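Single-structure report; data block below.
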Amino acid sequence: MEALSPQTLFTGRQVVSLPECASTNSEAQDLIHRNRATDGCVVITDKQTAGRGQRGNRWEAAPGENLTMSVVWRPAFLPVPDQFLLSQAVALAVHDWLVALLGPDPALRVKWPNDIFFGNRKLGGILIENTLSGTMIQHSVVGIGININQQDFGVTTATSLASLTGRAYALEPLASRLLECLERRYLQLRAGRLAAIRHDYRQVLYRYREAHIYEVDGRQISGEITDVDEAGRLALLTGGQIRYFDLKEIRYVI
């Protein structure tokens, strides 16, 4: 991939571009351990052979057709109990970037905790791995995978920008603009505008205030997403009461 040129203060000022790697998150972690990663360092690759997703899933992407990158930040200002705010800020940044490309569309949503959906199909995913130091976050590695030009998928639940718009995209300008959106939301977080981040996240949340079916403990229940609490748990109104779920405790029925 050619050089990136984001208009940012620090995010993407150091770029490690790899033709191929197992996982950009793993490469970023290695740079941190070797004290080679600045705040805002970006690792980007054309071909990721063992990308990681939520719930231990693998992230599959055709070589050279999509964006697969990781950003290293040092959010030492963020207490450990508030770490889900970083996840919200990153998901909002990706959503901001897509709105600039696609225009505002009610089908474009963030599926809790931070998958990017268009309608009922997945457009991208985010995996954040935090290193803690006492009560604060020392390092965060923010892995982002977005389907851009790929049109053939092994599953019917995936989509891409090219599939949605019918056009092909140059990856480098898209990556640069994405880094700008990421830094903008990160600076909002760093400035302590936490209520704004939580509010904006609710407004783009997939299935927010809608009745749908979910699977809990092997059985299906009907519920309505009402919020996400400060710990990042999903709040579901079901059976006349609010119940809270961690990531592995509930599954969307799509």
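The values are calculated or read from the model by the stated rules, or taken from the named source; none is laboratory data. Because the structure is a prediction, the values reported are computed rather than measured. So basically every Cβ, Gly included, is an ideal-geometry build from the backbone, and we count neighbours across all protein chains shown. Heads up: the accessible areas ignore ligands, DNA and RNA and are worked out on the full protein's heavy atoms, side chains in. Shrake-Rupley method; radii C 1.70, N 1.55, O 1.52, S 1.80 Å.
Summary table below
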{"read-out": "Largest to smallest principal axis extent of the C-alpha atoms in the chain, angstrom", "value": "53, 46, 31"}
{"read-out": "Point-charge dipole on Cβ atoms (K/R +1, D/E -1) for the chain, about Cα centre, debye to 20", "value": "280 debye"}
{"read-out": "Å² of accessible area per residue within segment 35-151, as computed with a 1.4 Å probe and no ligands counted", "value": "36 Å²"}
{"read-out": "Relative contact order for the chain, counting Cα pairs under 8 Å that sit 6 or more residues apart, in percent", "value": "18 percent"}
{"read-out": "With all protein chains modelled, accessible area of Ile137 [1.4 Å, Å²]", "value": "0 Å²"}
{"read-out": "Order of exposure, largest accessible area first, which applies to Lys248, Lys47 with probe 1.4 Å", "value": "Lys248, Lys47"}
{"read-out": "Computed accessible area, Glu210, all protein chains, 1.4 angstrom probe, square angstrom", "value": "90 Å²"}
{"read-out": "With every protein chain in place, segment 123-213: carbon and sulfur % of accessible area (1.4 Å)", "value": "50 percent"}
{"read-out": "With DNA, RNA and ligands ignored, accessible area of Tyr206 (1.4 Å probe; Å², nearest 10)", "value": "10 Å²"}
{"read-out": "Segment 169-211: trypsin sites (Lys or Arg not before Pro) in DSSP loop, at most 14 other beta carbons within 10 Å", "value": "Arg209"}
{"read-out": "Accessible area per residue in Å² at 1.4 Å probe, computed on segment 160-218", "value": "47 Å²"}
